[in-house]
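What follows is one structure encoded as structure tokens, with my remarks underneath.
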Amino acid sequence: MNNKLVIIGCGNVGTSYAYALLNQKTYVNELVLIDINQDKAIGEAMDLNHCISLTPTKINIKVGDYQDVMDAKIVCITAGLNQKIGETRLDLISKNKKIIEDIVDNVLKHDFHGIFLIATNPVDIITKIVYEKSKFKPSKVIGSGTSLDTARLRYLLSEKLKINPQNVHAYVIGEHGDSEFVPWSIATIGLNPIKNFLTENELNDIYLKVRNSAYKIIEKKGFTNFGIGVCLVRITNAILQDENSIITISCYDKENDLYISQPAILNKDGVKEVLKLNLTDKEQDLLKNSINILKDEK
């Protein structure tokens, strides 16, 4: 079976995604890089191919063009301008909207029928733009959403409690941005409520560290790339391996006609189901706040 993945955008995120694919076992067996700067794409493909003899997965990596999307299982869009120091993700809307619309137009010209995976910020709004432009089923258009925020949350909780992060069951949901939040009422360590382990102040401190992580990283190194690269691999594997895994992705909310991050079941068809969460009244208000912010900005 040919599991072709096309990455559009060979910047920090796109190349980190490609490199992370090489270092994990994956069903991707063909990887095509597309970038407006073809020389950069060629250099990245050469560099990645030189790793193949040492990696757990054999992937045919090449530079291509939009014709390559025709038989691709996934097209991942990472192209766009990066968030700068002092900018919020929402500040990028006007900068990246036209770039994304042009990309989608080019993809649709070549009979693509797979799944769109979006990582460009602001990811919730950009994913909605791709959905509207492509007219694909909402299950076939997904954003990376708060998958990275959730990974950061689980890491910080595991460090605090000295627990394997795989035994930390907690999510960041809502906007992938400043209004995101953690529904602590349903968070557990193993089967025990997280509030059995940490105080309200400790939980809030961890939440703030998660929410501000991107700002801190951008302040120090200018961009974020490794974390989101690995999250994109996780989403990719869930799709190609038909896992029915639960990941917090940016998915379509029909009631509010927008994309927002919630835990969803992912398989070969994209989003199989968005989980309904039993939130407290306070958490419902926080979710409504995220929804309203995205409505105002779309």
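The values are calculated or read from the model by the stated rules, or taken from the named source; none is laboratory data. Keep in mind the model is a prediction, meaning the values are calculated, not measured. Please note: Cβ atoms are built from the backbone with ideal geometry, for glycine as well, and neighbour counts cover all protein chains shown.
Filtered by the rule that a residue be under 19 Å from Leu5 (Cα atoms) and small (Gly, Ala, Ser), the stretch 110-145 gives Gly114, Ala119, Ser134, Ser139, Gly143, Ser144.
Out of Leu161, Leu153, Leu148, Leu157, which single residue is modelled with pLDDT of 95 or more, within 14 Å of Lys209 (Cβ to Cβ) and in contact with a strand residue (DSSP E or B) (Cβ under 7 Å, 6 or more places away or on another chain)?
Numbers: Leu161 fails: within 14 Å of Lys209 (Cβ to Cβ); Leu153 fails: in contact with a strand residue (DSSP E or B) (Cβ under 7 Å, 6 or more places away or on another chain); Leu148 fails: in contact with a strand residue (DSSP E or B) (Cβ under 7 Å, 6 or more places away or on another chain).
Matching residue, one of Leu161, Leu153, Leu148, Leu157: Leu157.
Ile163 passes every criterion in (1) in a helix (DSSP H, G or I); (2) more than 24 Å from the chain's Cα centre (by Cα); (3) farther than 18 Å from Leu279 by Cα apart from (1). Here Thr88 fulfils each of the conditions (1) of a type in the set (S, T, N, Q); (2) modelled with pLDDT of 95 or more; (3) surrounded by fewer than 20 Cβ atoms within 10 Å (Cβ to Cβ) apart from (2). Restricting the stretch 235-263 to residues that are of a type in the set (A, V, I, L, M) and in contact (Cβ under 8 Å) with a residue 40 or more places away in the chain, the residue that is farthest from Tyr17 (Cα to Cα) is Leu258. Checking every residue in the stretch 265-276 against the condition of being in contact (Cβ under 8 Å) with a residue 40 or more places away in the chain and under 20 Å from Val182 (Cα atoms) gives zero matches. Among the residues of the stretch 258-298 satisfying the criterion of being β-branched (Val, Ile, Thr) and closer than 17 Å to Lys137 by Cα, which is surrounded by the fewest Cβ atoms within 10 Å (Cβ to Cβ)? Out of the qualifying residues, it is Ile265. When the residues of the stretch 252-284 are filtered to those that are over 25 Å from Asn121 (Cβ atoms) and of a type in the set (D, E, K, R), the one that is modelled with the lowest pLDDT is Lys276. Scanning the stretch 181-207 for residues that are in a strand (DSSP E or B) and either charged (D, E, K, R) or more than 20 Å from Gln284 (Cα to Cα) (or both) turns up Ile189, Asn192. Could we say that Glu243 is acidic (Asp, Glu) and at pLDDT below 95 here? No, not satisfied. Scanning the stretch 158-202 for residues that are farther than 18 Å from Thr146 by Cα and either basic (Lys, Arg) or in contact with a Phe, Trp or Tyr (Cβ under 8 Å, 6 or more places away or on another chain) (or both) gives Lys160, Leu161, Lys162, Ile189, Ile194, Lys195. Considering the stretch 4-36, the residues that are more than 18 Å from the chain's Cα centre (by Cα) and part of a loop (DSSP other than H, G, I, E, B) include one that is farthest from Cys231 (Cα to Cα), namely Ile36. Which of the residues that make up the stretch 142-180 are buried (at least 23 other Cβ atoms within 10 Å of the Cβ) and among the aromatic types (Phe, Trp, Tyr)? Of everything in the stretch 142-180, just one residue is buried (at least 23 other Cβ atoms within 10 Å of the Cβ) and among the aromatic types (Phe, Trp, Tyr), namely Tyr171. Those helices (runs of 4 or more DSSP H) of the stretch 37-138 in which at least 1 residues are closer than 21 Å to Asp257 by Cα and among the small types (Gly, Ala, Ser), considering only elements entirely within it, cover 93-108, 123-134. Selection of the stretch 207-254 for residues being acidic (Asp, Glu) and either buried (at least 16 other Cβ atoms within 10 Å of the Cβ) or in contact with a Lys or Arg (Cβ under 6 Å, 6 or more places away or on another chain) (or both) yields Asp242, Asp253. A single member of Lys288, Lys276, Lys282, Lys268 is assigned by TED's automatic domain parsing to the domain that holds Ile186, of a type in the set (Lys, Arg) and within 24 Å of Cys76 (Cβ to Cβ), and it is Lys268.
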